[in-house]
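Values in this text are rule-based calculations from the coordinates and carry no lab data. Here the structure is a predicted model, which means the values were calculated and not measured. Cβ placement follows ideal geometry from the backbone for every residue including glycine, while neighbour counts extend to all protein chains displayed.
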């Protein structure tokens, strides 16, 4: 079984469009498993029409909680916190009765809470527990927090593993790893030939998590100054973790000169450009219809993506796809 | 006034909007009657997308200061260490491990919280800086159609046109963007910016780097495109900015005319103001592809960005009055 991740340093270059097309094209030839590793903005489900089969909680990490009745407002927790997550008590004494202004503009202290207690901004808290260990009153406890959900769904093209990281949560790298692991295990269990992973943008922790253990990274790049700049950085990242790269130029006709620049840059690094997809409104139309573009229409975009898949398939399965014969859908 | 430009989905035009907004409200662009006032209040622009910083490609700043940033990681003094394992016990990130008479530190797992050092009973741990990126600041001069070099006034003074610029860049292979963004903000944003425009260009997504870029802002401007992907990710961005952080939000619809009506319907239902629409225009995309900005390619947009800035100012003022 092989694993392929779709990446792009810059966001919005067409990763999910390409991942959906690969899901469609590859599934016609072999059993595939799909994973959406862009867990803070998961879009693959919007074009694969998934039917959810399983839903699980994702426990992301812990945050500190201060018991107001035990807090003596000594302020040690605020001194040791390096993330600005400890909120000092408001200097104003608590209002005895709810004022007409109740619940508004009181710096988050509300009306009834004892104003002398410190509190925690749970979005800023990184769960280091430094305050927990330093509090002389043992007023702080660490609480596991649910940071998201993950799902297994059925699609026409194979099982899809995807997730939803709750707004503003940390530990997206951990959730990415979990989604990928589930997809891989499923693939091994069912004799799949290929796992297609739709990656997140950027070069940070979720990208590193998405790239780990992959056989190939397909970088989707647009012929723009920022696209070229970001390609260099994302390729540096995948090189750093020893994942071989391929490049697909999306909207290649938007700026032919810059497309050539990408080709030259890739040639200089020994990286193959496996296709050039022209700009076409059908890509957006297919998205509005909730379908992979290759499944939605024929034409230059679909032809380019089919050409890309045929090349990727030759490269990732140099000896043909023998796994498939024994496998099952 | 601190405005964070964010989006959820990548590639919707955050940088295009943020850069054009900054260039449209430089002192020489404003129809001010008091143009000769002592402080022309040039906008301050921060590129907070430290994983893939791109604004400099469009603003072409001259960098005047640069410093390395990182976080404090533990270093063990083996003269004092008794290998008791307390540091590994208190570390929530498994960034320090005691194996026999060895202490291993894993910098890429460390969050720099300092708890190991605080808890070490023999005071054997001190902290050293682990560099994970750089922060820089400088000056981007008035926009010019020819793309010639910006003018170069001394830092913080002079020139009516121009944008003060700062950016962070994460080193390739490093996982953690948040400490760089945090230090960039501390370094570049003055303690009380007041009426001075401060524009932060955030990274895509809705996870911790985006939260750090929004924290402390007066307003979050969400740039989206009218497609199902754009809408899906806009909802998530609103959850972070408005629902979790309690900040006022407004929307810019880019590539207006593609896709469907979903974003319009959502904004109407949620009472989120749509502050500007930029139609799908190949000229904008082509200018962008060569590093040109929207207001350079189509100067008629400058007025619209000034109106956008004024509208944001009114929304922020309303919020302040309402909350007082």
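Let me confirm one metric for peptide A:55-68, namely the mean number of other chain beta-carbon atoms within 10 Å of its residues' beta-carbons.
0
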> Taking the Cα atoms of chain A alone, what are Rg (to one decimal) and Dmax (as a whole number) in Å?
Replying inline: 24.4, 78
> Within the range B:97-124, what residues put their amide N at less than 14 Å from the label point 7 Å along the Cα-to-Cβ vector of residue B:79?
Replying inline: B:123-124
>> Can you show me the helix-derived [θ] at 222 nm for chain A, built from DSSP H runs with n ≥ 4 at -39,500 (n - 2.57) apiece and divided by the number of residues, rounded to the nearest 500.
In response: -10000 deg cm²/dmol
>> Just to check, using Stokes-Einstein with a Kirkwood Rh over alpha carbon pairs, what's the diffusion coefficient of the range A:181-324 at 4 °C and 1.567 mPa s in µm²/s?
In response: 79
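Assuming a viscosity of 0.890 mPa s and a temperature of 25 °C, what translational diffusion coefficient in µm² per second does Stokes-Einstein assign to the protein assembly as shown, Rh being the Kirkwood radius over Cα pairs?
94
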> How would you rank A:180, A:251, A:10, going from fewest to most other Cβ atoms within 10 Å of each one's own Cβ?
Replying inline: A:251, A:180, A:10
> With labels modelled as points extended 7 Å from the Cα through the Cβ direction, what inter-label distance (nm, one decimal) is found for residue B:314 paired with residue A:279?
Replying inline: 3.4
> Taking each residue of A:251-259 in turn, how many C-beta atoms of other protein chains fall within 10 Å of its C-beta, and what is the average?
Replying inline: 2
> With the contact rule set at Cα under 8 Å and sequence spacing of 6 or more, what percent relative contact order holds for the range B:70-130?
Replying inline: 50
>> Suppose a student asked you for the relative contact order of chain B, using Cα pairs under 8 Å spaced at least 6 residues apart; what percent would you report?
In response: 27
> Efficiency by 1/(1 + (r/R0)^6): what FRET value for residue A:267 and residue A:88, r their Cβ-Cβ distance, R0 = 45 Å, to the nearest 0.05?
Replying inline: 0.20
>> Students often check this: by mean Cβ neighbours within 10 Å, which of A:283-296, A:43-56 ranks highest, and how do the rest follow?
In response: A:283-296, A:43-56
> Using a simple spin-label model with points 7 Å from Cα along the Cα→Cβ vector, what separation in nm is obtained for residue B:274 and residue A:51?
Replying inline: 3.6
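How high is the FRET efficiency between residue A:70 and residue A:149 when r is their beta carbon distance and R₀ equals 35 Å, given to the nearest 0.05?
0.60
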> Out of the DSSP beta bridges found with both residues in the protein assembly as shown, what percent are antiparallel (nearest 5)?
Replying inline: 50
>> Within 10 Å of each Cβ in B:229-238, how many Cβ atoms from other chains are there, averaged over the peptide?
In response: 4
> Where does chain B land at 222 nm, in deg cm²/dmol rounded to the nearest 500, when only DSSP H runs of n ≥ 4 count, each adding -39500 (n - 2.57), divided by all residues?
Replying inline: -8500 deg cm²/dmol
